[in-house]
1. Whether any residue in region 99-110 is of a type in the set (S, T, N, Q) and within 30 Å of LEU250 (Cα to Cα) is what I want to check.
2. Can you tell which of ARG75, ARG67, ARG47, ARG37 is over 24 Å from VAL211 (Cα atoms), modelled with pLDDT of 95 or more, surrounded by fewer than 19 Cβ atoms within 10 Å (Cβ to Cβ) and among the basic types (Lys, Arg)?
3. Which of the residues that make up region 42-66 are within 27 Å of LEU113 (Cα to Cα) and in contact with a strand residue (DSSP E or B) (Cβ under 9 Å, 6 or more places away or on another chain)?
4. Take the residues in region 97-115 that are loosely packed, with under 14 Cβ neighbours inside 10 Å and of a type in the set (A, V, I, L, M, F, W, C); name whichever of them is nearest to the chain's Cα centre (by Cα).
5. Quick test for you: out of GLY161, GLY167, GLY173, pick the one residue that is open to solvent by less than 50 Å² (accessible area, probe 1.4 Å), under 17 Å from LEU135 (Cβ atoms) and free of Cβ contacts under 8 Å to residues at least 12 places away in the same chain.
6. So in region 5-34, with the set limited to residues that are among the small types (Gly, Ala, Ser) and more than 24 Å from ALA184 (Cα to Cα), which one is most open to solvent (accessible area, probe 1.4 Å)?
7. Condition first: surrounded by 22 or more Cβ atoms within 10 Å (Cβ to Cβ) and of a type in the set (S, T, N, Q). Now tell me which residues in region 213-232 satisfy that.
8. Under the condition of being hydrophobic (A, V, I, L, M, F, W, C) and in contact (Cβ under 8 Å) with a residue 24 or more places away in the chain, which residue from region 63-77 is farthest from HIS129 (Cα to Cα)?
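The values are calculated or read from the model by the stated rules, or taken from the named source; none is laboratory data. What you are looking at is a predicted structure, and each value in this text was computed from that prediction instead of being measured. Quick reminder, even Gly has a Cβ in these numbers, built from the backbone with ideal geometry, and neighbours come from all protein chains shown. Side chains are part of the model used for accessible areas, which takes the heavy atoms of the whole protein and leaves out ligands, DNA and RNA. Shrake-Rupley method; radii C 1.70, N 1.55, O 1.52, S 1.80 Å.
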Amino acid sequence: MDLHGKTVVLTGASGGIGAALATRLVARGAHVLAVARHPEPLNALARRHPAGAITPFAADLTEPADRAALLAHARTLLPSPSILVIAHARPAFGMFGAQHEAEFEALVRSNLLAPMQLIRCLLPVLQAHPQAAVLAVGSTFGSLAFPGFAAYSASKFGLRGLIEGLGREHADGPVRFQYIAPRATRTPFNTPAVDALNQTLGTRVDAPERVAEALVRAIERGTRRRQLGWPEGLFARINALLPGVVDRSLARQLPQIRHHAGGTPSNDYRENRHDPLPL
């Protein structure tokens, strides 16, 4: 797909990956309707680009009224949006038993229900084009559930299932559904505890600009699903075919994970840089 002249709705546009992605899309000649909760970083993002290249739109996508306002605004754009990129997410790191019901509800509303409802709202707009795309920015944890990220993994597994199901449901239509999963990325999305865990486990961490370029290329090439990074792609496949192998590997890392997630450190806590798995 040639992005020049296209209108792209980009959620999570003020985040590390989202802001880098907005820059890449503008460089390809697209107009970006940049969506995030807070107007200040969106306005700052727009000021860093040529006038009119980015339209900031502050919205809480978990709220029906805000989704309706976004849809109404999208319908006024010329050309109307033919690409939706879902790049927002709510983080959650901690041992499952220490988290609260309200956290779970907010996590699922943001990471799964809001994308469901947003796609449903925008689908008629996208279907009006001869060629359109919905790209969801997933996570390694969308195919490889990780201790300390059980609830977050569940939300990303759900997002992956949503996009896969919609891709099959609309296989004979103009809208292509894509799920691209970055590995750990160097952005403020990670808390200091997550950064410390990544360092302890020797996890490879990508720059957001590298991830953004991979996402743009996926849109251009029509890549339907991809796990970014090596050996993360291999681990995801092993987990699908031989999950017991991953179970045993993660069991060896459990003391380190509990330590950084705020659980009770094990007496045999050790740093282990020789058996890393992705975040």
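1. yes
2. Within the list ARG75, ARG67, ARG47, ARG37, the selection yields ARG75.
3. Matches in region 42-66: LEU42, ASN43, LEU45, ILE54, THR55, PRO56, PHE57, ALA58, ALA59, LEU61, ASP66.
4. Per the stated criteria, the residue is ALA102.
5. GLY161
6. ALA27
7. GLN227
8. ALA68
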